[in-house]
């Protein structure tokens, strides 16, 4: 019996939006009993060479919500992303809704506040978000009860959000042929990641799992939906009974070969602020470039 309020009889409508530049999938999740919806992990684009931010991907989500006459109640960040910028405030300004993230955002803010030398003006209390979720917290999207599962390992603030028979796993898992996410960022831990994955795989076998990223391994088409049963049977990193010790050894060795994500420096500065771009003393949008810190 799950300790979480799983309700497999509720089947929300899930629409995915793939951003090819960051290989991120954002979602609009509709309560099947009303016009209420949530947005998961929205993307804001940045052209680093030009120093220009745009909102084409967020506008796609907004257009979908408006076209279908939906009411946005939540904008959920599964974690502090290191590979894309969040469009949460941009969407909130246009459609309303509350922005939520895991309570351990405070750890991330403290860690990267020091790396970016943010000073005392940067609040490290999570106040940039409307809700900080604890493990097991529930909330509603229309008539649908949703809950958050704390799944650290990739980052300390990672949460899986479950809405009826759909779970949004962030970077805890990839598609079965993609495996799992790295665990070598500050605050990451391969053993914790394994434990978190097992927590996700303890959900009902028929639970639909929706990925935050997909890279089309071996040239296959981009995909973002699978099930708990499929991950347990076929995930190349944790499926088939791979032990915790085997996973930690594999994940640690693999992470040592990976390059730093292309957009990690702008992403972390923006995302630890809930999607707001930092400004200079004159109020102009401005990003920092700390050297030799990651």
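Rule-based calculations on the coordinates, nothing more; no lab input. The structure displayed is predicted, hence computed values, not measured ones. Virtual Cβ from ideal backbone geometry, glycine too; neighbours counted across all protein chains shown.
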### Per-bin percent of Cα-Cα distances, the stretch 139-230 [5 Å]
3, 14, 24, 24, 18, 11, 4, 1, 0
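Need one number: % antiparallel among DSSP beta bridges in the stretch 13-261, to the nearest 5.
Working: 32 of 46 bridges.
Among the beta bridges of the stretch 13-261, antiparallel pairing accounts for roughly 70 percent.
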### Query
How do 131, 293, 273, 251 line up, fewest other C-beta atoms within 10 Å first?
293, 131, 273, 251
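Take each of the peptides 231-241, 106-116, 157-167, average the number of other beta-carbon atoms within 10 Å over its residues, and list them starting from the highest. All intermediate terms of the calculation are to be shown ahead of the outcome.
On the way: 231-241: 16.8, 106-116: 18.5, 157-167: 25.7.
The packing order, highest mean first, is 157-167, 106-116, 231-241.
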### Message
Using a Gaussian network model on the chain with a 10 Å cutoff between Cα atoms, which of 193, 263, 173 fluctuates the most?
### Response
263
### Message
Could you identify which residue out of 82, 206, 63 has the top mean-square fluctuation in a GNM of the chain using Cα springs shorter than 10 Å?
### Response
63
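Kindly provide the helix-only [θ] at 222 nm of the chain, computed as the sum of -39,500 (n - 2.57) over DSSP H runs of four or more divided by all residues, to the nearest 500 deg cm²/dmol?
Details: 7 runs with 70 residues, N = 294.
So the helix-based figure for the chain works out to -7000 deg cm²/dmol.
Quote the FRET efficiency, to the nearest 0.05, computed for residue 198 versus residue 288 with a Förster distance R0 of 51 Å and r equal to the Cβ-Cβ distance. Intermediate values should be presented prior to the final figure.
On the way: r = 38 Å, r/R0 = 0.74.
The pair residue 198/residue 288 has a calculated efficiency of 0.85.
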### Message
Can you classify the stretch 65-191 as rounded, prolate or oblate using the Cα gyration tensor, where a ≥ b ≥ c are the square roots of its eigenvalues, rounded means a/c under 1.5, and otherwise it's prolate if a/b beats b/c and oblate if not?
### Response
oblate
### Task
In a Gaussian network model over the chain where Cα atoms closer than 10 Å are linked, find which of 258, 132, 201 has the largest mean-square fluctuation.
258
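Which of rounded, prolate, oblate describes the stretch 250-294, given a ≥ b ≥ c as roots of the alpha-carbon gyration tensor eigenvalues and a/c under 1.5 marking rounded, otherwise prolate only if a/b is larger than b/c?
Working: a/c = 4.29, a/b = 2.50, b/c = 1.72.
Verdict is prolate for the stretch 250-294.
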